[in-house]
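The values are calculated or read from the model by the stated rules, or taken from the named source; none is laboratory data. Please read these numbers as outputs of a predicted model, since none were measured by experiment. In this analysis, Cβ positions are derived from the backbone assuming ideal geometry, glycine residues included, and neighbour counts consider all displayed protein chains.
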Amino acid sequence: MTGNGTRVGVLALQGAFAEHLKALKRLKLSGVEVRRAADLEGLSGLIIPGGESTTIGRLMADMGLRGPILRRVAEGMAVMGTCAGMILLAGKTFDYPLEPLGLMDITVRRNAFGRQVDSFETSVTIAALGATPFPAVFIRAPYIEKAGTGVEALGRLSDGRLVAAREGKLLALAFHPELTRDTRCHALFVGML
């Protein structure tokens, strides 16, 4: 929590939630682990981490979190989805056996860069973060194949694939910002709260 009462939760069912909590701590924020619907109350923002999107989606359903997350977003809670979290934010996905949350007007291609062995790091220029490129880590990453007119494209790879976008209070990143020491993506999200 910050001095102004801003509370940020991190969905802590599976995946890289601990790393997101550490990134928030580097920004002098105390993140809240979200495992139950009651944990969502009073949050200004929620981070849905990278991990295994099908597992996270099933656990969200099993834990009764899907409806409460949608309700809190309708009430104004901001959400950042990274990698698997971006898949869950999408309106439409390819090759995903579950129904995503449908919060963003984006179509996402899952595992778009190949298998785990095809993981890579590259610099991505994101104008909202300044002139210095962001050191992006891609692990079995998706990308945004199509974005609606209300979606702001924030970052693309050199081949033009869209890997960062914003729509209102929603931020989708195809990569893992929590696996770097660079907190600019988290700061961008906190600034959206």
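In region 94-103, the count of residues that are in contact (Cβ under 8 Å) with a residue 40 or more places away in the chain, over 15 Å from the mean Cα position of the chain (by Cα) and on the phi > 0 side of the Ramachandran plot is zero. Of THR82, THR125, all but one fail to be in contact with a His (Cβ under 9 Å, 6 or more places away or on another chain) and not aliphatic (A, V, I, L, M); the exception is THR82. Among the residues of region 141-181, the one identified as closer than 20 Å to ILE48 by Cβ and of a type in the set (S, T, N, Q) is THR180.
Only residues that are β-branched (Val, Ile, Thr) and modelled with pLDDT under 95: list them for region 29-54, please. The answer is THR54, and nothing else.
The residue that is modelled with the lowest pLDDT, among those in region 13-28 that are among the hydrophobic types (A, V, I, L, M, F, W, C) and crowded, with 20+ Cβ neighbours inside 10 Å, is ALA16.
Filtering region 100-121 to residues that are modelled with pLDDT under 95 and part of a strand (DSSP E or B) leaves ARG109, PHE120, GLU121.
Taking the criterion of being over 21 Å from ARG181 (Cβ atoms), in contact (Cβ under 8 Å) with a residue 12 or more places away in the chain and surrounded by fewer than 24 Cβ atoms within 10 Å (Cβ to Cβ), the residues of region 29-40 that qualify are VAL32, GLU33, ARG35, ARG36, ALA37, ASP39, LEU40. Could you tell me whether SER30 is more than 14 Å from LEU170 (Cα to Cα) and among the hydroxyl-bearing types (Ser, Thr, Tyr)? In short, yes. Where residues in region 52-67 are out of contact with any strand residue (DSSP E or B) (no Cβ under 9 Å at 6 or more places or on another chain) and of a type in the set (Gly, Ala, Ser), which of them is nearest to HIS176 (Cα to Cα)? Only one residue fits best here, namely GLY57. LEU89 falls short on exactly one of the conditions (1) crowded, with 18+ Cβ neighbours inside 10 Å; (2) over 24 Å from GLY15 (Cα atoms); (3) of a type in the set (A, V, I, L, M, F, W, C), and that condition is (2). Comparison of LEU171, LEU162, LEU129 shows that the only residue that is surrounded by 20 or more Cβ atoms within 10 Å (Cβ to Cβ) and touching a Leu at 6+ places or on another chain (Cβ under 8 Å) is LEU171. When only residues in region 30-59 that are among the acidic types (Asp, Glu) and not in a helix (DSSP H, G or I) count, which is nearest to ALA12 (Cα to Cα)? Looking at residues that are among the acidic types (Asp, Glu) and not in a helix (DSSP H, G or I), I get GLU33. If the condition is being part of a strand (DSSP E or B) and farther than 21 Å from HIS20 by Cβ, then region 124-165 contributes GLU145, LYS146, ALA147, GLU152, ALA153, ARG156, LEU162.
Name the residue that is modelled with the lowest pLDDT, counting only residues in region 79-95 that are part of a strand (DSSP E or B) and in contact with a helix residue (DSSP H, G or I) (Cβ under 8 Å, 6 or more places away or on another chain). Ranking the qualifying residues of region 79-95, first place goes to THR93.
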